Amino acid sequence: MVEKLLQSEIYWEKKEFRRNEFLKISGSTDTSIYFIENGSVRIFMTDEDEERIIRFGYTGNIIVSLDSFLSGKPSDLYIQAIKKTTVKVASKKDFYVFIQSNEEHMKFWMNVLEDLVLQQLEREKDLLINAPGERFERVLKRSPKLFQEVPNKYIANYLRMSPETLSRLKKS
């Protein structure tokens with residue numbers, strides 16, 4: 001369905017981001033939707049000058065600053081390329097015209113939203129688990145591709161553990 005979406009009547013602008021370049025910064029409003037053609041990004045916020053990674057996106061994923069996308073208001077989130085990343089970007093207006101044009105497109109969007117809600121619930125469960133090994137196992141089972149696409153220092157931050165702890169868990 002994603003391929004159909006990309007070949008639809010939506011205007012997609014292709015953009016390239018260098019490693020560490022921002023797609024979105026904290027305090028900005030972003031009502032764009034992104035399809036990652038190649039590369040990977042991290043979505044994070046800062047808390048007392050410490051970065052807190054909340055999600056990753058990589059090749060084949062749709063990403064969005066969902067709070068800003070839905071509300072049209074500024075968001076505390078950053079979206080940053082982890083490595084050279086190519087995305088297709090569509091505006092909310094164009095995207096909404098597309099999803100409202102037929103029932104199949106609306107079902108597609110509902111599936112995307114449902115998937116995001118389920119991912120968020122899994123993330124909340126991960127954060128409630130004290131044992132680093134259990135958090136690691138849950139994420140490994142849920143997203144094995146993550147470990148090929150994203151550097152360990154970012155995965156460790158996401159899992160709320162030191163890079164050394166993550167390294168030990170990966171070896172065992």
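You will find that of Ser40, Ser71, Ser28, the residue that is in contact with a strand residue (DSSP E or B) (Cβ under 7 Å, 6 or more places away or on another chain) and at pLDDT 95 or above is Ser40 and no other.
Taken as a whole, the structure places Ile99 among residues that are among the aliphatic types (A, V, I, L, M), more than 30 Å from Arg18 (Cβ to Cβ) and surrounded by 13 or more Cβ atoms within 10 Å (Cβ to Cβ). Going by what's in this entry, would Ser75 be described as within 19 Å of Phe98 (Cα to Cα), in contact (Cβ under 8 Å) with a residue 40 or more places away in the chain and buried (at least 20 other Cβ atoms within 10 Å of the Cβ)? Judged against the criteria, Ser75 is not a match.
Can you confirm whether the range 61-82 contains a residue that is more than 11 Å from the chain's Cα centre (by Cα) and among the β-branched types (Val, Ile, Thr)? Yes - at least one qualifying residue is present in the range 61-82. Checking each residue in the range 102-112 for being among the charged types (D, E, K, R) and open to solvent by less than 80 Å² (accessible area, probe 1.4 Å) picks out no residue at all. Of all residue pairs spaced 6 or more apart or on separate chains, those with beta-carbon atoms under 9 Å, a first member in the range 150-172 that is free of Cβ contacts under 8 Å to residues at least 12 places away in the same chain and assigned to a loop (DSSP other than H, G, I, E, B) and a second member that is open to solvent by less than 40 Å² (accessible area, probe 1.4 Å) and hydrophobic (A, V, I, L, M, F, W, C) are Ser162/Ala156.
One line per residue, one yes/no per condition, for (1) small (Gly, Ala, Ser); (2) open to solvent by 30 Å² or more (accessible area, probe 1.4 Å); (3) under 13 Å from the mean Cα position of the chain (by Cα); (4) under 17 Å from Ile62 (Cβ atoms):
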residue	(1), (2), (3), (4)
Glu114	no, yes, no, yes
Leu118	no, yes, no, yes
Asn130	no, yes, no, no
Arg138	no, yes, no, no
Ser143	yes, yes, yes, yes
Lys153	no, yes, no, no
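The values are calculated or read from the model by the stated rules, or taken from the named source; none is laboratory data. Since this is a predicted model, take the numbers as computed values, not measurements. All Cβ positions, even for glycine, are placed from backbone atoms using ideal geometry, and neighbour counts span all protein chains on display. Each accessible area value is taken on the protein alone, full model and side chains, heavy atoms only, with ligands, DNA and RNA left out. Shrake-Rupley method; radii C 1.70, N 1.55, O 1.52, S 1.80 Å.
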